[in-house]
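K.L.:
Got a structure here, written out as structure tokens. Questions coming.
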Protein chains: 2
Amino acid sequence: MILTVTLNTALDLTYRVPALVPHTSHRVDHSAERPGGKGVNVARVLAALGHETVVTGFAGGPTGERLRELLAPVPRLTDALVTTEAPTRRTVAVVDAAAGDTTQFNEAGAPVTPAEWAAFRARYTDLLSGARAVALCGSLPPGVHVGAYAELIRTARGAGVPVLLDTSGEPLRRGIAARPDVVKPNADELAGLTGSRDPRRAALDARRRGAHAVVASLGPDGLLAATPDGLWRAAPPAPVHGNPTGAGDSAVAALLAGLAAATPWPARLTEAAALSAATVASPVAGEYDPAVLADLLPKVTVTREDDTA
Amino acid sequence: MILTVTLNTALDLTYRVPALVPHTSHRVDHSAERPGGKGVNVARVLAALGHETVVTGFAGGPTGERLRELLAPVPRLTDALVTTEAPTRRTVAVVDAAAGDTTQFNEAGAPVTPAEWAAFRARYTDLLSGARAVALCGSLPPGVHVGAYAELIRTARGAGVPVLLDTSGEPLRRGIAARPDVVKPNADELAGLTGSRDPRRAALDARRRGAHAVVASLGPDGLLAATPDGLWRAAPPAPVHGNPTGAGDSAVAALLAGLAAATPWPARLTEAAALSAATVASPVAGEYDPAVLADLLPKVTVTREDDTA
């Protein structure tokens, strides 16, 4: 199986309103609840692609129970979340139907206790024994130390399980130093890490900091990968229009499946670029359009670039 | 005991953000969960005033469980809510710390089934046997017929329990025709019912439609009451500044306690005007400041007006 870790899960609420007018009252036309957090999104995409997938991390309270209820019917997805005393946080995305845009509110969440963190580490170590690859995804909740991802990467490497890291800020900086197999920053995260807005220069720099491979997601420009096999660019034939929510998580899902199967980099990047674009094309945030995926797979171009720094 | 009915309960979320900027992402500085719905708010105020209070209506799903968890520790408040299959709706109030203003999002909620409505009516009839007064508060959820409040008023009158109605639109129009003891519209609800923006004319008109007494809440102008004992105005000595959220519910709580004790109208209105103003003065929405209440009680002026139409 493939394992994904989401320490800061969320119950994602989407509210559609005719038009968002600050300082007034709105009746929500349509509301939806989804299980959320980056690793949970990655796991749902992997399961939809046909992979046996296990989700771990934390969930608690009525919001955590609801999250687990929403995960339960997903085929090929197993819930191995650790229960916390504190309730799982919520996020609210208010979709303005007139503007076609979204306003986002993210709760901070309550602290994880030392006992819960210890219980998670034991669960994680146990799950690694059956995992072909693991992804560590998203922000850290309050109560978890900033070097947590570095610690979890070392544990995975000790168990011989390839590990992908998708986070930002100081947890990314510390995590990279623990030598993960892949990191998947976006352009902002890469610039925050390296100080450079030149993706090529920044990806090569991030690789020198310890990551075996760095795959930067550059929105409509596709992916840029600094790998042991060279520097590659992968992009769909033309920019895809739609909702970019979840496109990065879909790229992670494809990269993780490729990591588990040790697929050569050009094939891995083709799948990641096509799946990411197929997610942008889907009207439902975070889901991919299988027809668009099938159409794009043979059309993605992967080119090798000069990787001398 | 005093009974309050909230057919459309809600789990009320309050999110404080530094400044609301549409179409961007916000980290919520501070979030709070409260049990919500007008009758629930009224019950919490009554319980805080020292009255044994019972809450009925509907609650379901993880949001309903959370609402009940939040009600459980409230002294003198008993939960007699009927469990629904569908989850209780949420409301989200986004408080803009810079502007000091609120943007509100209200979920519509899921339909109540015919079996759940039948179970509620049986519970309500049972509870009336021990009630000194009952308040029917707020909007109707999907699945409940528009004449529901009229039906519940007739049941209360049949049981000899005085009944207060606080709703709006067609449920108010139909409810008034069933001859409740008190209705408590605000200025907008009164204008919607009668077509008149003149509160005196509208209150007398609403009384002719069937209500034994009409108490209109007029914001900083206090209360205007058309009663069997004449037309009265009650107001604090000066407008109180603060957060008006819940001021109307506090007025209902005082009016309901007065109805249960058959307090003379001038005393009832004094308590309602003072409690409403003490709620505006409290920094926490929906709670009253006991010191402000004690200070205002002797200062509220109640004046009798000419009630010839």
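K.L.:
Of A:Val82, A:Val94, A:Val214, which has the largest mean-square fluctuation in a 10 Å C-alpha GNM of chain A?
P.N.:
Sorting by GNM fluctuation, first place goes to A:Val94.
K.L.:
Next question, about the same structure. State the percent of C-alpha pairs, over all pairs in segment A:181-309, separated by a distance greater than 21 angstrom. The partial results should precede the final answer.
P.N.:
Numbers: 2743 of 8256 pairs.
More than 21 Å apart: 33 percent of the Cα pairs in segment A:181-309.
K.L.:
Can you find, among A:Thr263, A:Ala247, A:Ala211, the residue farthest towards the positive end of the dipole of segment A:181-309? Put +1 on the C-beta of Lys and Arg, -1 on that of Asp and Glu.
P.N.:
Working it through, the farthest residue towards the positive pole turns out to be A:Ala211.
K.L.:
With the label 7 angstrom out along Cα to Cβ, how close does B:Thr308 come to the same site in each of the other copies, in nm, nearest first?
P.N.:
Output for B:Thr308: 10.6 nm, nearest copy listed first.
K.L.:
Same structure, new question: Taking only pairs that are 8 or more places apart or on different chains, how many Lys pairs in the protein assembly as shown have Cα atoms under 27 angstrom apart?
P.N.:
On the way: A:Lys38/A:Lys184; A:Lys184/A:Lys299; B:Lys38/B:Lys184; B:Lys184/B:Lys299.
So the count of such lysine pairs works out to 4.
K.L.:
Now a separate question. For segment A:181-309, calculate the relative contact order in percent as a whole number, restricting contacts to Cα pairs under 8 Å that are 6 or more residues apart.
P.N.:
On the way: 247 pairs, mean separation 30.0, N = 129.
It rounds to 23 percent for segment A:181-309.
K.L.:
Next question, about the same structure. Scanning chain A for helices, which whole DSSP H stretches are 20 Å or more long along the axis (Cα) and average -0.5 or more by Kyte-Doolittle?
P.N.:
Span-like helices, by this rule, are A:114-128, A:247-261, A:265-281.
K.L.:
A further question on this structure: Once you have the Cα-Cα distance between B:Asp198 and B:Ala98, take 0.36 nm times their residue separation minus that, and quote the gain in nm to one decimal.
P.N.:
32.4 nm
K.L.:
Give me B:Arg233, A:Arg27 sorted ascending by neighbouring Cβ count inside 10 Å, so fewest comes first.
P.N.:
Listing B:Arg233, A:Arg27 from fewest to most nearby Cβ atoms yields A:Arg27, B:Arg233.
K.L.:
Using Cβ contacts closer than 10 Å as the measure, can you line up A:Asp205, A:Asp166, A:Asp306 from fewest to most? Mind showing how you got there, number by number?
P.N.:
Working: A:Asp205 18, A:Asp166 30, A:Asp306 8.
Result, fewest neighbours first: A:Asp306, A:Asp205, A:Asp166.
K.L.:
Please name which of A:Thr103, A:Pro62, A:Ala119 has its Cα lying farthest along the dipole of segment A:62-123 towards the positive end, using unit charges on Cβ (Lys, Arg +1; Asp, Glu -1) and the Cα centre as origin.
P.N.:
With unit charges placed on the Cβ atoms, the residue in question is A:Ala119.
K.L.:
Let me ask something else about it. Arranged by the count of other C-beta atoms within 10 angstrom, fewest first, what order do B:Ser250, B:Ser129, B:Ser168 take? Mind showing how you got there, number by number?
P.N.:
On the way: B:Ser250 32, B:Ser129 9, B:Ser168 16.
Final ranking by Cβ density, sparse to dense: B:Ser129, B:Ser168, B:Ser250.
K.L.:
Let me know the Kirkwood hydrodynamic radius for chain A, please, with Cα pairs as the basis and the value in Å to one decimal.
P.N.:
19.6 Å
K.L.:
Same structure again: Chain B: which residue's Cβ hugs the B-to-A rotation axis most tightly, distance rounded to whole Å?
P.N.:
B:Pro62, 2
K.L.:
Okay, next question. Report the label-to-label distance for A:Ala238 and A:Arg154 in nanometres (one decimal), using points 7 Å from each Cα along the Cα→Cβ vector.
P.N.:
The answer from the label model is 5.1 nm.
K.L.:
Can you list the distances in nanometres, one decimal and ascending, from the B:Arg209 label point to the identical position in each other copy, with the point 7 Å along Cα to Cβ?
P.N.:
When each copy's label point is compared with this one, the spacings are 6.6 nm.
K.L.:
Which distances in nm, rounded to one decimal and ordered from shortest, link the label point of A:Val284 to the equivalent label points in the other identical copies, with labels set 7 Å from Cα toward Cβ?
P.N.:
Relative to the other copies, A:Val284 has label-point distances of 4.1 nm.
K.L.:
Sticking with this structure for a sec: Summing +1 for each Lys or Arg and -1 for each Asp or Glu, what net charge is found among the other residues whose Cβ lies under 13 Å from the Cβ of A:Thr155?
P.N.:
Once all neighbours under 13 Å are counted, the net charge is +3.
K.L.:
Still on this model: Name the long-range amide H neighbours of B:Arg179: under 5 Å, sequence gap of 5 or more, or other chain; modelled H, no Pro or chain starts.
P.N.:
Result for B:Arg179 returns nothing.
K.L.:
Now, a different point. Report the rotationally averaged projected area of the protein assembly as shown based on its alpha-carbon convex hull, in square nanometres. Present the calculation step by step, with values, prior to reporting the outcome.
P.N.:
Working: hull surface 117.3 nm².
Orientation-averaged projected area of the Cα hull: 29.3 nm².
Here, each number is a calculation from the coordinates, and none is a lab measurement. Model, not experiment: these values are computed from the prediction. Because the Cβ atoms are built from the backbone with ideal geometry, glycine has one as well, and the counts that use them run over all protein chains shown.
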